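Shown next, in structure tokens, is the structure this report addresses.
Every read-out reported here was derived from the displayed coordinates using simple, explicitly stated rules and does not represent laboratory data. All values derive from a computational prediction rather than experimental measurement. Heads up, the Cβs are rebuilt from the backbone with ideal geometry, glycines too, and the neighbour counts pull from every protein chain shown.
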Amino acid sequence: MHPLITAKAKQKLLLLGNEAIVRGALEGGLRVGAAYPGTPSSEIGNLLFQLQRELLGLYFEFSTNEKVAMEVAAAAAASGLRSLTCMKHVGLNVAADVLMTLAYIGVKAGMVIVTADDPSCHSSQNEQDNRYYAKFSGLPMLEPATPEEARQMTAYAFELSEKLELPVLLRTTTRVSHARAVVEVGDLAPYQEETKGRFEKDLRRWVPVPAVARGRHQVLLEKMREAMVLADGSSWNRRYGKGRYGIIVSGVAVNYVLDAVDELDLAEKVQVLRLGFTHPYPAGLIAEFLKECETVLVVEELEPYLEEAARAVAQERGLKTTVLGKASGHLPRFFEFDPGQVKEAVARAFGLSYQPPKPPSLTWVPELPPRPPTLCPGCPHRETYQVIKEVLEELGEWPETIFPTDIGCYTLGLLPPIQMADYLICMGSSVGTAAGFSVATNQRVVSFIGDSTFFHAGLSPLASAVYNRHRFTLVIMDNETTAMTGHQPVPSQELRPPELEDRPRIDIEAVVRALGVSHVVTINPYRKKEAKEAVRPLLAQKELAVIIAKAPCILYRARVSKK
Amino acid sequence: MEKKRILAVGVGGQGILLFSRILGEVALRAGVPVAMSEVHGMAQRGGVVETNIVLGAIRSPLISQGEADVLVGFEPVETLRALGRTNQKTVIVSSTDPVIPQIVKDGLATYPDLAEPLARLKETFDRVYLFAGEKLAKEAGTARALNVVALGALAGTGLLPFAKEDFLNAIKTLVKPRFVEANLKAFEAGFAVTAGV
């Protein structure tokens, strides 16, 4: 059995934030989980996928995308089973259509939506602040600062969700999800039998046709008023210290602020309002805090969500407190913070002197070669890129060809010496933007997408491309796994671990043909000569064509064969 | 206990996550507060990897400019790259065996001659321990034990409030059984580099 489930109450474990979320969910009696992987959320799904084999009455699936996953979790919660879905920040964009209306119809059993944001774009194409999704949808939100808080908040989120009959957003960032710290676990919920819920029909609740939706919007706004009272009284929103200066803080920055207060010896001068229940924001608590402070610094990564809240509260209550933060230039609106930066901002905001530690003179350090992440030696994607490149060169189409790309390891094909990634927006954009380039230019268009991304967001734009007679070549790089995020399963994979042997297999070539693409070949990119011959006719013409380059990820192959 | 900020840097695939897991478990079992921040995902694909580990009454699991008390380098260029996070008193523990970046193999960048910078490193900082980590790991039985050589070297400095036995016990529980023997040897080899110097 996995140590995460054998641990007894009060036992101390060294857990990753994401592991703590899983433990918290199991303490809270999670029954149904569904997710599509994405860094920094991936470990949550990986663990639940593994643990469902050990816990009777826990179901988890990797769905084909975040929208599907959220729908699975929503229906489970409507049927009276506690559910969870987790995703990276941009995954919530995919599921946003569900989110916005799910907020209207709500849930019966508790439902937790984990959104793992990625300030500084460690593994992402943007650093959007998903706290605005809570505001946008009108859903309650909790923001843990540490793995221990992540565990407790996840378990609590189910209760809060049931109280309000709304899903609850649990918003982490990379530095919470991938922090590892000591967690004292609670009691695991009982997992002794298969558990089914029951869906009670209620047309005026679950079917938001306009007449229903109008009513449900008002219900949602009423619940937000109720939630604000809960936020005001929440034990996740705490105050420390005393003095005429104040700091309002949430998320991982809580740690940086509390360390700054210790290290600058400010406990008698600066009060801290630490917020964990941040949507709706606790207006009463913020008002009391502002009243007692001359100057308040708001410390939060990315957007000025709490800063705007503090200003709104001050304006509503006619308070003259000076609010500092992003608008005042004390802290930036981009990238994650680091503790030193927060210390300097605190010192500057309150006119204290602070000398940050300095490195010694380093003028003697030579120029160092960069070490960008790269495709592994022996990776099949390298071979596929080489095959396509050589054929295009032989056809005289290099380097005019446009290469739209997609989200996965193969995005690293942007770097020299491959340099075959020219345009990228989001999951599935390789197909839709290839269509756009084929309409807008006379250049040849060859786009790249992975197997998992194809099932996530590639099917619908390919159908559109067939119907609208777009002219491009789509290369599906089928490495039989979701490699980038830690080798999660894909519906098309042949190479699979024993526990997935009984799953049906969806053949990519059959899917592509069924969608109406007539020029289709499957190649083994390691057999270069044969592969080049097979793709040449497709690249020599301009009709829509699909090349499936099939060879397992070498790391995945090694992992499966070891089992 | 005294606060300690330990910055471990290296290259994806060098086992830096296991290094920090073992160190974290040692701290947990000794009842010393510990928090760390790890790198997962895209950056692991042969890129620069770092783990920030803080011991004692520190909440922030990230180490800012000039704040590292110890810098553990798994690779010499990565050690040099991380020097902005050190100060005069930082203790440096580093392997000197290079891992050549793909970009250098592709002829798009050059890997510096290390003799001069490593000499300057020794002049600049009070305590610098350099060792051929990969060579020591291979001698212990597997090149993959470089991370445990580095752990041994860190333990041998005597900077941490843990007994050698604590580390050996944690290795026995966290390393896969068939690699335990090689890893115990690797730890001893690293420990000998720094202990009593």
By how many nm would the segment from A:I506 to A:K242 lengthen if fully extended, with 0.36 nm per residue of separation less the alpha-carbon distance? 88.8 nm
Listed with the fewest Cβ neighbours within 10 Å leading, A:T441, B:T86, B:T142 appear as A:T441, B:T142, B:T86
Residue mean of other protein chain beta carbons inside 10 Å, B:114-120: 2
Gain on full stretching of the segment that runs from A:K320 to A:V209 - 0.36 nm per residue minus C-alpha separation: 35.4 nm
Just grab the label-to-label distance for B:T142 and A:E193, each label 7 Å out from Cα along the Cβ direction, in nm (one decimal). 4.5
Against the longest principal axis of chain A, how steep is helix A:283-292, in degrees 0 to 90 to the nearest 10, with axes from Cα atoms? 50
What FRET efficiency comes out for A:K291 versus A:L459 if R0 is 41 angstrom and r is the Cβ-Cβ distance? Round to the nearest 0.05. 0.15
Helix-only estimate, please: 222 nm mean residue ellipticity of chain B, summing -39500 (n - 2.57) across DSSP H runs of length 4 or more and dividing by its residues, to the nearest 500. -12000 deg cm²/dmol
Karplus-derived 3J(HN,Hα) from phi for segment A:7-24 (6.51 cos²θ - 1.76 cosθ + 1.60, θ = phi - 60°), whole Hz, x at Gly and Pro, runs 4, 8, 3, 6, 5, 9, 10, 8, 10, 5, x, 5, 5, 5, 5, 5, 4, x
Express in whole angstrom the spacing between the alpha-carbon centres of segment B:1-57 and segment B:84-156. 17
Cβ-based charge dipole, segment A:1-134, positive-most Cα from A:G110, A:N93, A:V68: A:G110
Rough spin-label spacing in nm, given labels placed 7 Å along Cα→Cβ, for B:D106 and A:Y423: 2.3
Taking A:Y132, B:Y129 and counting other C-beta atoms within 10 Å, the order from fewest to most: A:Y132, B:Y129
Report, in whole Å, the centroid distance computed from the Cα atoms of segment B:60-77 and segment A:57-75. 40
Cut-off under 17 Å on the C-alpha distance; same-chain residues fewer than 8 positions from A:K528 excluded. Which aspartates and glutamates are left, in chain and number order? A:E383, A:E390, A:E393, A:E394, A:D478
Counting other beta carbons within 10 Å of each residue's own, what order do A:K8, A:K67 fall into, fewest first? A:K8, A:K67
Report the charge-dipole magnitude of the protein assembly as shown in Debye, nearest 20, computed about the Cα centre from +1 at each Lys and Arg Cβ and -1 at each Asp and Glu Cβ. 660
Give me a comma-separated list of calculated 3J(HN,Hα) values for segment B:150-161, in order, Karplus coefficients 6.51, -1.76, 1.60 applied at θ = phi - 60°, integers in Hz, x for any Gly or Pro. 4, 5, x, 5, 5, 4, x, 5, x, 7, 9, x
Return the FRET efficiency for the residue pair A:L221, A:S353: r is the Cβ-Cβ distance, R0 is 60 Å, and the value is rounded to the nearest 0.05. 0.80
To the nearest 20 Debye, how big is the dipole of segment A:139-218 about its Cα centre, given +1 on the beta carbon of each Lys and Arg and -1 on that of each Asp and Glu? 560
Hits in segment A:418-454: amide N under 13 Å from the 7 Å Cα→Cβ extension of A:K542, namely A:438-445
Mean other chain Cβ within 10 Å across A:335-348 is 3
Under-5 Å amide H pairs with A:F60, H placed in peptide plane, nonlocal only: A:G33
Name the residue farthest towards the positive end of the dipole of segment A:184-298 from the options A:Y256, A:A189, A:G233, assuming +1 on Cβ of Lys and Arg, -1 on Cβ of Asp and Glu, about the Cα centre. A:G233
Dividing the helical contributions, -39500 (n - 2.57) per DSSP H run of n ≥ 4, by the residues of chain A yields a 222 nm value, nearest 500 deg cm²/dmol, of -11500 deg cm²/dmol
If amide H atoms are modeled at 1.01 Å from N in the peptide plane, then the residues at a separation of 5 or more from A:D422, or on another chain, having amide H under 5 Å from its own are A:F403, A:T405
Note the angle between two axes, namely the Cα long axis of helix A:42-51 and the longest principal axis of the Cα atoms of chain A, as a number of degrees from 0 to 90, rounded to the nearest 10. 80
Kindly write out, for segment A:302-309 in residue order, the coupling ³J(HN,Hα) from the Karplus curve 6.51 cos²θ - 1.76 cosθ + 1.60 (θ = phi - 60°), rounded to whole Hz, with x marking Gly and Pro. 6, 6, x, 5, 6, 4, 5, 4
Using +1 at the Cβ of each Lys and Arg and -1 at the Cβ of each Asp and Glu in chain B, identify which of B:I53, B:S64, B:G10 lies farthest towards the dipole's positive end. B:I53
Relative to the longest principal Cα axis of chain A, at what angle does helix A:253-263 sit, 0 to 90 degrees, rounded to 10? 50
Within 10 Å of each Cβ of B:102-113, how many other protein chain Cβ atoms are there on average? 5
Working note, the protein assembly as shown: Cα radius of gyration (Å, one decimal) and Dmax (Å, whole number) are 27.0, 80
Could you tell me the distance between the Cα centroids of segment A:466-535 and segment A:354-424, to the nearest Å? 23
Would you calculate the separation in nanometres between label points at B:K89 and B:R120, each defined as 7 Å from the Cα along the Cα-to-beta-carbon direction? 2.5
